[in-house]
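Here the structure comes first, spelled out in structure tokens, and everything after it is commentary.
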Amino acid sequence: MGATTAGAGRAWAWVGGLGLLAITAFVLIPSGTGAAVLYDGLEFALVAAMVLGVRRNRPAAIAAWSLLIAGQAASVIADVMYDVYALILHDDRWPGPWDVPYLLGYVGTICGLCGLLLRRNRGRGYAGLVDSLLVGVACALLSWVFLIRYLAEGETMGTLGHAVILAYPCLDLVVLALVAWLLTTDGKRRAAFLLLVGGMVAALIADDLWAFVDMTSYDPALSVGRFVSAAFLVSFLLLAMAITHPGMVAVGLPAPAPATRPMGWLRLSLLAGAALITPALLAWQALTGNGIVRDALPIAGASAAMFLLGLTRTTMLIRRLHRQARVMQRQAEQLRELAERDPLTGLPNRRTWDSSLPAALARAGRDGTPVSVAIVDLDHFKAFNDRHGHQMGDRLLAEAAAAWADGLRGGDLLARYGGEEFVALLPGADGAEAARVVDRLRRRTPMDCTFSAGLAAWDGRESGEALLRRADRALYRAKAAGRDRIERAEAAGRDRAERPEAPARTPTTPRLSGPHCHR
């Protein structure tokens, strides 16, 4: 089984080696029926290899690959019809019945490429499409100046003949735009991808060479025409190698989201070259035509189209920058929220408190309004934690914080100061009003637990640290007096007592029952 798998992995290399030998034989043998049979037989064999490659590799984008193969199969049918009419029936009329499958082959190729592109570019926007259209417009202008205009002005062949002969270069331009889009998509460009692009480019070059041979009246049976036919075979060979390569599965998969990065050198080169084609053609025709620009209207039209596409691309880039800026702003807000919030209770943390208290005192000093602070400490929290576990202790802290925050007035601030200790900032509240607010919070304490609180009203002069120190002394008196109560601090000038030693804050542990703290 391992040998079979390894052989399947090397199938594309066997296809490439045998195909090159067959193409070399085609170039070397004399022209005639034998060369035509070898040419058509090799095309048929390469299409069969493509079918086997799809069946063996089983890609997710099987419909797109099937359409691409169907386009190549239609071209094989067209070549066989052309050889039969030309070599056996001696019928070389224009246009001929073979043009129908030739044009259908373009349709299959275009649909297949579109299917691969839509899957590969899923969720990535259409910046690559706009870039490829810009390159396509520039190449369309080149094609008009050096090919399509001469075909349109050629010998009279009727409306149908002109329509058919112009359809080929126009469809080539569509394929070229899709190849350019494929090159600008995100994702890795491994062997199968490069072989696919190479096959498409080889087919476009062969089409242009064939048009040149036809315009200059070269006989395709001569050496130049033979090498043009060999170029078509090379395009078939590269496509067969791409489809039989195991990596073809990844070509039709959505590319991973890229990290934000500058535009790649390949895309920059394509866009810069496309932008310079219009002024280069304008200057060339003005210099060689004694100041007369023969293709002024097509050049003007291409310039307008490229300007609009460039404007569209710029708009897309600006919108992308705006989206990135909004994302960065949301991330900054989230980081600021994480830095200013306590993760357990969701309340503002000590850092937020340290910045909010001086601002509130400064505002109260300007407005001449009262402000009070309270320090709240859950009673017997350590004993509760030891008896019921840290998870229940965390739950008590979170539920108490939510209940107390719901009981505050608008504009009040409740923050977690550390451990089981919380602080409340009550703007516009004197001592009596602050006591009513804190007592309302005391009655909301969950799990039948209680808290002790120290309350201090600002005297209009002291610092935030001094105000908080008075509230802390009042809290200590509440603890010493039996807990489950609120103590108001003395006036700043009268409260000089130092805080008692720590053992005074720890009375005998109360009796606990179930998951609750008894008052």
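The values are calculated or read from the model by the stated rules, or taken from the named source; none is laboratory data. Because the structure is a prediction, the values reported are computed rather than measured. As a convention, Cβ positions derive from the backbone with ideal geometry for all residues, glycine included, and neighbour counts pool all protein chains shown. Surface areas here come from the heavy atoms of the whole protein model, side chains and all, with no ligands, DNA or RNA. Shrake-Rupley method; radii C 1.70, N 1.55, O 1.52, S 1.80 Å.
The set of residues in the range 411-430 being within 18 Å of R485 (Cβ to Cβ) and either in contact (Cβ under 8 Å) with a residue 60 or more places away in the chain or open to solvent by 40 Å² or more (accessible area, probe 1.4 Å) (or both) consists of E420, F422, V423.
If you go through the range 117-152 and keep only what is open to solvent by 20 Å² or more (accessible area, probe 1.4 Å) and of a type in the set (K, R), you end up with R119, R122, R124.
Considering the range 310-331, and only residues there that are of a type in the set (A, V, I, L, M) and either closer than 20 Å to L133 by Cα or modelled with pLDDT under 85 (or both), the residue that is surrounded by the most Cβ atoms within 10 Å (Cβ to Cβ) turns out to be M316. If you go through the range 53-64 and keep only what is assigned to a helix (DSSP H, G or I) and either buried (at least 16 other Cβ atoms within 10 Å of the Cβ) or touching a strand residue (DSSP E or B) at 6+ places or on another chain (Cβ under 9 Å) (or both), you end up with G53, V54, N57, A64.
For the residues A70, A35, the requirement of being open to solvent by less than 10 Å² (accessible area, probe 1.4 Å) and either touching a Cys at 6+ places or on another chain (Cβ under 9 Å) or in a helix (DSSP H, G or I) (or both) singles out A35. Looking at the range 85-106, which of its residues are in a helix (DSSP H, G or I) and either surrounded by 18 or more Cβ atoms within 10 Å (Cβ to Cβ) or in contact with a Leu (Cβ under 8 Å, 6 or more places away or on another chain) (or both)? D99, P101, Y102, L103, G105, Y106 - these are the residues of the range 85-106 that are in a helix (DSSP H, G or I) and either surrounded by 18 or more Cβ atoms within 10 Å (Cβ to Cβ) or in contact with a Leu (Cβ under 8 Å, 6 or more places away or on another chain) (or both).
Listed conditions (1) at pLDDT 95 or above; (2) over 27 Å from the mean Cα position of the chain (by Cα) are all met by H90, apart from (1). Being surrounded by 11 or more Cβ atoms within 10 Å (Cβ to Cβ) and either among the hydrophobic types (A, V, I, L, M, F, W, C) or within 41 Å of the chain's Cα centre (by Cα) (or both) is true of T345. Residues of the range 279-309 that are of a type in the set (S, T, N, Q) and at pLDDT 90 or above: S303 alone. Within the range 322-339, does at least one residue satisfy the condition of being touching a residue at least 40 places away in the same chain (Cβ under 8 Å), assigned to a helix (DSSP H, G or I), more than 30 Å from E465 (Cβ to Cβ) and out of contact with any Phe, Trp or Tyr (no Cβ under 6 Å at 6 or more places or on another chain)? Yes - at least one qualifying residue is present in the range 322-339. Within the range 139-183, being hydroxyl-bearing (S, T, Y) and part of a helix (DSSP H, G or I) holds for S143, Y150, T159, Y168. Among the residues of the range 137-154, those that are among the aliphatic types (A, V, I, L, M) and in contact (Cβ under 8 Å) with a residue 40 or more places away in the chain comprise V137, A138, A140, L141, L142, V145, L147, L151. Among the residues making up the range 382-394, those that are open to solvent by 10 Å² or more (accessible area, probe 1.4 Å) and touching a residue at least 40 places away in the same chain (Cβ under 8 Å) are A383, R387, H388, M392, D394.
Among the residues making up the range 395-410, those that are surrounded by fewer than 19 Cβ atoms within 10 Å (Cβ to Cβ) and in contact with a Pro (Cβ under 7 Å, 6 or more places away or on another chain) are E399, A403.
Residue-level check: of (1) buried (at least 18 other Cβ atoms within 10 Å of the Cβ); (2) among the hydrophobic types (A, V, I, L, M, F, W, C); (3) more than 44 Å from the chain's Cα centre (by Cα), I77 misses just (3).
Remark: G136 falls outside the filter, which requires a residue to be among the small types (G, A, S), modelled with pLDDT of 90 or more and assigned to a helix (DSSP H, G or I). In the range 17-32, the residues that are within 27 Å of T244 (Cα to Cα) and in contact (Cβ under 8 Å) with a residue 24 or more places away in the chain form Cβ pairs under 7 Å with partners that are assigned to a helix (DSSP H, G or I) and basic (K, R), at six or more places apart or across chains, as follows: V27/R226.
The residues in the range 431-469 that are closer than 11 Å to A374 by Cβ, open to solvent by 10 Å² or more (accessible area, probe 1.4 Å) and out of contact with any Lys or Arg (no Cβ under 9 Å at 6 or more places or on another chain) can be counted, and the count is 2.
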